[in-house]
Structure formats: structure tokens, C-alpha cells
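See below for the structure under consideration.
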Amino acid sequence: MSDQFITIKQAASILGVSPLTLRNWDKNGKLKAYRHPMNNYRVYKIEDLEAVIGEIKSGTGYRKNAKREFRKIIVRHLSD
């Protein structure tokens, strides 16, 4: 089965975020965007979106882990 891609607008609608958020996620490495060969627009693999949705449902998403790491840093700093 070949990879299926959707536009940034469609991906944003599915995930319930703005296209700007998806651009930021691409920049930060949370959700990789691919480029359309003809117009160089961002497109997303459907399977990648399904993985992000799974992370959100299971509570193991990128943001949640980042908050935990930040708290560890604060605690270490305060205990020194």
C-alpha cells in the first residue's frame, strides 16, 4: 500500500490544532512534514497523524514528557 498524504489544513483539522502549530511541531521534530514535489507545500502522512493521536490518547505525548523534564530541572535547581 502506498503512502497517503494530506494537506496541512486537513491535518490541522483532524488534530484540532492550527496550521501554525503543525509548522512548529515540524520545526521541533514532533511531527515530520513532507514536501509536495510539485509545489513544495507541507503534506503529512496519515499514519504519522494516527501515531500522534495515539500518543494523545495514551498520555505519552511530547508536551507531557517535556513538562516532566522541566519539573525535574526545577527540583534539582532548588535542592542545590
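Data for the structure
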{"item": "Rounded to whole Hz, the Karplus (6.51, -1.76, 1.60) HN-Hα couplings of the stretch 23-30, x for glycine and proline", "result": "4, 5, 4, 5, 5, 8, x, 6"}
{"item": "Most to least packed among 32-38, 15-21 [average Cβ atoms within 10 Å]", "result": "15-21, 32-38"}
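Where a number appears in this text, it was derived from the coordinates with a stated rule and is not lab data. This one's a predicted model, so the numbers in the text were calculated from it and none came from an experiment. Heads up, the Cβs are rebuilt from the backbone with ideal geometry, glycines too, and the neighbour counts pull from every protein chain shown.
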